[in-house]
Amino acid sequence: MIYFYVHHPRKENVMENSHISALSAKHAGLDARIKAETSRPMPDATLVASLKKQKLRLKEEMSAKH
């Protein structure tokens with residue numbers, strides 16, 4: 001029996017949108033963590049820097065998908 005792969009651009013588009021939505025949700029979560037940490041009396045500067053780097057990587061990945 002021979003099977004043929006049928007290319008479904010609509011399915012790929014749905015998957016890509018889903019991936020971008022997930023990245024966007026992670027980006028928002030990091031933003032919330034950054035705001036929470038910076039609003040503390042003595043924020044952890046190392047943690048804030050790490051979270052900002054993660055947020056930037058996500059933003060770059062999202063812009064590459066568009």
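The values are calculated or read from the model by the stated rules, or taken from the named source; none is laboratory data. Just so we're clear, the structure is a prediction, and the values are computed from it rather than from any experiment. So basically every Cβ, Gly included, is an ideal-geometry build from the backbone, and we count neighbours across all protein chains shown.
Descriptive notes on the structure:
- Pairs where the first residue, in segment 45-63, is closer than 13 Å to R33 by Cβ and free of Cβ contacts under 8 Å to residues at least 12 places away in the same chain and the second is assigned to a helix (DSSP H, G or I) and polar (S, T, N, Q), C-beta under 8 Å, 6+ apart: none
- A residue that is assigned to a helix (DSSP H, G or I), loosely packed, with under 13 Cβ neighbours inside 10 Å and acidic (D, E) occurs somewhere in segment 47-62.
- Residue in segment 15-30 that is modelled with pLDDT of 95 or more and among the acidic types (D, E) present: no
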